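Read the structure below first, then the notes.
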């Protein structure tokens, strides 16, 4: 059988069901009544003991949402979502805990299975690195609609860093939340962000005070467990003047026939000379071989380089979800601020990815850099959609964009849709794009040297994504590399 | 029994017959040159030996050390000692030459049930070999064949051969695109690898290469089969008379 034909056959047999994280945690949960109404929102707000202003904020967003329409411009197809058919709040029965000892052991086991041993995290204080230094990661674990545990809280507190579930921050640091929540992604921003503003459940809140370099990596691990449940996390990270923080999020879900809904909002604020590095390893359940089930992932992520010389960097490794609609962006407001977007988006089976970034240059001499690597296999569609714009006053704005797509097999598609707008003549924008196929010649060359088809593909793909993998914190680069080979298993003959 | 025995090999590519009952024996430790005009099937023979897809064997067999290798995948053949120095070495962007070599060597060793090389052992092996071929450390860090000159690509092929230590090395037009200085370096690299344990099939269009890699035997191919065999003088005779004399014999 000719190789190309063989590849096609293999791709047809692709078993997306090899999703490793597809188990379900049997646990009692408390849910809001199904569907969405003012009552649902009041229920959520009451569950979280929110102050009146927070409830009012939510209700206003809800009113706004009722007048909005779901966007249709992305290159994704999915059945109409019945928003009344979801649960908007689900929490494990025993919550509001003082220490890890009070967390349901079933939940701790879940995170352990996922490779995130919360308990050991605290006891061992991190893993040893090659050079003998200890690197540590503080974890906030979000299970369905609530945060179940946050590690290293005390130690971070000593450094002045606030890292807690946003539901707690609303009560404990209302002045900060009021000041920054919705200041980057307004409640009226877009259909999914507005929905999130009305019903957001939990997520992380980070505040790094002036001049502080956060002493460890911060990480949030999201898990959707409950059936028919939407997860609407809200994350808000503020780096005050001269502060630095590196933050990582990971996400998984059980395998289900129905589509679960995930509509998150992430807001980042960097003041003068501050730097935020935000990394995502997204591995939501992608659906089965027939394209049944999987997470609908509609996410609004935006960073505001509000201060001069501030820097925000997004790095993402996207391998999961049935539908991905996601454009982590930077508003380059401060003069000499810098925005970066490094992305690896992998689609296999019937996955549809429409992802990219927006770099909005408002300040003088602002710089942005976009490196996007899309890999499409199976019958998937993978679109890069990006906007780079320079405002009239953004003198000397500079952007460099590089979008590469790699196709594996011949039933998949890669699409690149760049929008470039320069409203002043001193802006310099560069755009490079390539689309290539893993050629039979390349595979044969590797195999002639002794590598199996799978080893050869992994080597070629890792070479393709190398520039982006290097941007990930070291602790996660290896994990991401493994994830990439798992996602592509069975995609070549 | 010869180390490599090709018996009555018939091969089609996209329904076009390229090899027409080719028969060839190469002894252990022998360097056999294969010459012939363009389109005589020399490169096809190289690819079929290495197991490239889309080359359909309709008749005949290829025995390596008495075992038929035609049903084996390319990587299985590689682990059994088959190496092909490509006429057009392929670029692998983003993969450092060092990483590529190491992945290849360890993959072969794994298939053969041998232990993987340790990093220091491997680094030393590659460095020593690379130095002989005038390959710098910087070149080993660069992505495989990306931005390499023609000469660098061919030297890289010989480096891989030296590291992988095959028992059957097939060199497909290794001289093409090389100036005389580059040709000498490559030829020296090949000569250093001559061994009673290693057979070589040196495919070339021109006699020039054989001044530097002196073959034990010369086979002439035309229209998909071997039409004449002889000693190294046969190459000189071809250089003088050209390939035209074989046009009728093969018909």
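The values are calculated or read from the model by the stated rules, or taken from the named source; none is laboratory data. Because the structure is predicted, anything quoted here is derived from the model rather than measured. Reconstructed Cβ throughout: ideal geometry from the backbone, glycine too, with neighbour counts over all protein chains shown.
Going by the structure shown, is residue B:207 under 16 Å from residue B:38 (Cα atoms) and under 20 Å from the mean Cα position of the chain (by Cα)? I'd like the intermediate steps shown before the answer.
Values: under 16 Å from residue B:38 (Cα atoms): yes; under 20 Å from the mean Cα position of the chain (by Cα): yes.
In short, yes.
Inspect all residues belonging to the range B:210-231 and state whether any of them is out of contact with any strand residue (DSSP E or B) (no Cβ under 9 Å at 6 or more places or on another chain) and closer than 26 Å to residue A:445 by Cβ. If you could, list the steps in order and put the result at the bottom.
Just the residues of the range B:210-231 that are out of contact with any strand residue (DSSP E or B) (no Cβ under 9 Å at 6 or more places or on another chain), to begin with: B:211-212.
Then keep just the ones that are closer than 26 Å to residue A:445 by Cβ; that gives B:212.
Among the residues of the range B:210-231, at least one is out of contact with any strand residue (DSSP E or B) (no Cβ under 9 Å at 6 or more places or on another chain) and closer than 26 Å to residue A:445 by Cβ, which makes the answer yes.
Looking at (1) buried (at least 24 other Cβ atoms within 10 Å of the Cβ); (2) part of a loop (DSSP other than H, G, I, E, B); (3) modelled with pLDDT of 80 or more, which is the only condition residue A:297 fails?
Every listed condition holds for residue A:297 apart from (2).
Out of the residues in the range A:442-471 that are more than 8 Å from chain B (Cβ to nearest Cβ) and in contact with a strand residue (DSSP E or B) (Cβ under 6 Å, 6 or more places away or on another chain), which is farthest from residue B:97 (Cα to Cα)?
A:471
Which condition number in (1) under 29 Å from residue B:66 (Cβ atoms); (2) more than 12 Å from the chain's Cα centre (by Cα) is the one that residue B:186 fails?
(1)
Kindly indicate which of A:90, A:96 is under 30 Å from residue A:347 (Cα atoms) and at pLDDT below 85. Lay out the reasoning, then the answer.
On the way: A:96 fails: under 30 Å from residue A:347 (Cα atoms).
Selected residue: A:90, the only one of A:90, A:96 that is under 30 Å from residue A:347 (Cα atoms) and at pLDDT below 85.
How many residues are closer than 16 Å to residue A:184 by Cβ and buried (at least 24 other Cβ atoms within 10 Å of the Cβ) when one looks only at the range A:332-348? Before you say what the answer is, go through the steps one by one.
Narrowing the range A:332-348 to residues closer than 16 Å to residue A:184 by Cβ: A:332-334, A:337, A:339, A:341.
When the remaining residues are screened for being buried (at least 24 other Cβ atoms within 10 Å of the Cβ), the result is A:332, A:334, A:337, A:339, A:341.
Number satisfying all stated conditions: 5.
With respect to residue A:439, determine if the residue is surrounded by fewer than 23 Cβ atoms within 10 Å (Cβ to Cβ), away from chain B (no Cβ under 14 Å) and more than 23 Å from the chain's Cα centre (by Cα).
Values: surrounded by fewer than 23 Cβ atoms within 10 Å (Cβ to Cβ): yes; away from chain B (no Cβ under 14 Å): no; more than 23 Å from the chain's Cα centre (by Cα): yes.
Answer is no for this residue.
State whether the residues of the range B:57-65 include one that is surrounded by 17 or more Cβ atoms within 10 Å (Cβ to Cβ) and either modelled with pLDDT under 95 or under 21 Å from residue A:438 (Cβ atoms) (or both). Talk me through it step by step, then tell me what you get.
As a first pass, look at the range B:57-65 and keep what is surrounded by 17 or more Cβ atoms within 10 Å (Cβ to Cβ): B:60, B:62-64.
Now restrict to residues that are either modelled with pLDDT under 95 or under 21 Å from residue A:438 (Cβ atoms) (or both): none.
Looking for residues that are surrounded by 17 or more Cβ atoms within 10 Å (Cβ to Cβ) and either modelled with pLDDT under 95 or under 21 Å from residue A:438 (Cβ atoms) (or both), one finds none in the range B:57-65, hence no.
Inside the range A:39-85, can you point out the residues that are in a helix (DSSP H, G or I), over 22 Å from residue A:178 (Cβ atoms) and in contact (Cβ under 8 Å) with a residue 24 or more places away in the chain?
Quick first cut of the range A:39-85, residues in a helix (DSSP H, G or I) only: A:39-47, A:52-66, A:83-85.
Those left that are additionally over 22 Å from residue A:178 (Cβ atoms): A:39-40, A:43, A:66, A:83-85.
Listed by number, the residues that qualify are A:40, A:43, A:83, A:84, A:85.
Considering only the range B:71-89, state which residues are over 23 Å from residue B:190 (Cβ atoms) and within 8 Å of chain A (Cβ to nearest Cβ).
B:73, B:75
When you go through (1) farther than 18 Å from residue A:455 by Cβ; (2) within 13 Å of chain A (Cβ to nearest Cβ); (3) over 13 Å from the mean Cα position of the chain (by Cα) one by one for residue B:148, which number turns out not to apply?
(2)
With respect to residue B:121, is the statement that it is more than 9 Å from chain A (Cβ to nearest Cβ), in a helix (DSSP H, G or I), modelled with pLDDT under 95 and over 27 Å from residue B:150 (Cα atoms) true?
Numbers: more than 9 Å from chain A (Cβ to nearest Cβ): yes; in a helix (DSSP H, G or I): yes; modelled with pLDDT under 95: yes; over 27 Å from residue B:150 (Cα atoms): yes.
Yes: the conditions hold for residue B:121.
Output the qualifying pairs, or none if there are none: Cβ atoms under 7 angstrom, residues six or more apart or on different chains, first residue in the range B:51-63 and within 14 Å of chain A (Cβ to nearest Cβ), second residue part of a strand (DSSP E or B) and buried (at least 19 other Cβ atoms within 10 Å of the Cβ).
The qualifying pairs are B:55/B:11; B:56/B:11; B:57/B:9; B:57/B:11.
Residues checked against (1) touching a strand residue (DSSP E or B) at 6+ places or on another chain (Cβ under 7 Å); (2) part of a strand (DSSP E or B); (3) over 24 Å from residue B:211 (Cβ atoms):
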| residue | (1), (2), (3) |
| --- | --- |
| B:21 | yes, yes, yes |
| B:25 | yes, yes, yes |
| B:39 | no, no, yes |
| B:45 | yes, no, no |
| B:75 | no, no, yes |
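On the basis of being over 30 Å from residue B:5 (Cα atoms) and either surrounded by fewer than 21 Cβ atoms within 10 Å (Cβ to Cβ) or within 14 Å of another protein chain (Cβ to nearest Cβ) (or both), does residue B:181 make the cut? Working first, answer last.
Working: over 30 Å from residue B:5 (Cα atoms): yes; either surrounded by fewer than 21 Cβ atoms within 10 Å (Cβ to Cβ) or within 14 Å of another protein chain (Cβ to nearest Cβ) (or both): yes.
Spelling it out, residue B:181 is indeed over 30 Å from residue B:5 (Cα atoms) and either surrounded by fewer than 21 Cβ atoms within 10 Å (Cβ to Cβ) or within 14 Å of another protein chain (Cβ to nearest Cβ) (or both).
Being modelled with pLDDT of 95 or more and closer than 21 Å to residue A:440 by Cα is true for just one of B:96, B:46, B:32. Which residue is that? Full working, then the answer.
Values: B:96 fails: modelled with pLDDT of 95 or more; B:32 fails: closer than 21 Å to residue A:440 by Cα.
Exactly one residue qualifies, and that residue is B:46.
Among the residues that make up the range A:410-417, is at least one of them at pLDDT below 90, in contact with a helix residue (DSSP H, G or I) (Cβ under 7 Å, 6 or more places away or on another chain) and assigned to a loop (DSSP other than H, G, I, E, B)?
Scanning the range A:410-417, I find at least one residue that is at pLDDT below 90, in contact with a helix residue (DSSP H, G or I) (Cβ under 7 Å, 6 or more places away or on another chain) and assigned to a loop (DSSP other than H, G, I, E, B), so the answer is yes.
Looking at the structure I just gave you, is residue B:92 in contact with a helix residue (DSSP H, G or I) (Cβ under 9 Å, 6 or more places away or on another chain), away from every other protein chain (no Cβ under 14 Å) and touching a residue at least 24 places away in the same chain (Cβ under 8 Å)? Spell out how you get there, then give the answer.
Working: in contact with a helix residue (DSSP H, G or I) (Cβ under 9 Å, 6 or more places away or on another chain): yes; away from every other protein chain (no Cβ under 14 Å): no; touching a residue at least 24 places away in the same chain (Cβ under 8 Å): yes.
Considered against the rule, which asks whether it is in contact with a helix residue (DSSP H, G or I) (Cβ under 9 Å, 6 or more places away or on another chain), away from every other protein chain (no Cβ under 14 Å) and touching a residue at least 24 places away in the same chain (Cβ under 8 Å), residue B:92 comes out as no.
To keep it simple, each residue is scored yes or no on (1) away from chain A (no Cβ under 14 Å); (2) not in a loop (DSSP other than H, G, I, E, B).
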{"site": "B:99", "(1), (2)": "no, yes"}
{"site": "B:102", "(1), (2)": "no, yes"}
{"site": "B:106", "(1), (2)": "no, yes"}
{"site": "B:117", "(1), (2)": "no, no"}
{"site": "B:127", "(1), (2)": "yes, yes"}
{"site": "B:131", "(1), (2)": "yes, yes"}
{"site": "B:138", "(1), (2)": "yes, yes"}
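Give me the residue from the range B:162-178 that is touching a strand residue (DSSP E or B) at 6+ places or on another chain (Cβ under 7 Å) and either surrounded by fewer than 23 Cβ atoms within 10 Å (Cβ to Cβ) or in a loop (DSSP other than H, G, I, E, B) (or both) and, out of that set, nearest to the other protein chains (Cβ to nearest Cβ). Write out each step before concluding.
Filtering the range B:162-178 for residues touching a strand residue (DSSP E or B) at 6+ places or on another chain (Cβ under 7 Å) gives B:164, B:166-175.
Filter again for either surrounded by fewer than 23 Cβ atoms within 10 Å (Cβ to Cβ) or in a loop (DSSP other than H, G, I, E, B) (or both), leaving B:164, B:166-167, B:173-175.
Numbers: B:164: 7, B:166: 10, B:167: 13, B:173: 16, B:174: 15, B:175: 20 Å.
So, considering only residues that are touching a strand residue (DSSP E or B) at 6+ places or on another chain (Cβ under 7 Å) and either surrounded by fewer than 23 Cβ atoms within 10 Å (Cβ to Cβ) or in a loop (DSSP other than H, G, I, E, B) (or both), the one nearest to the other protein chains (Cβ to nearest Cβ) is B:164.
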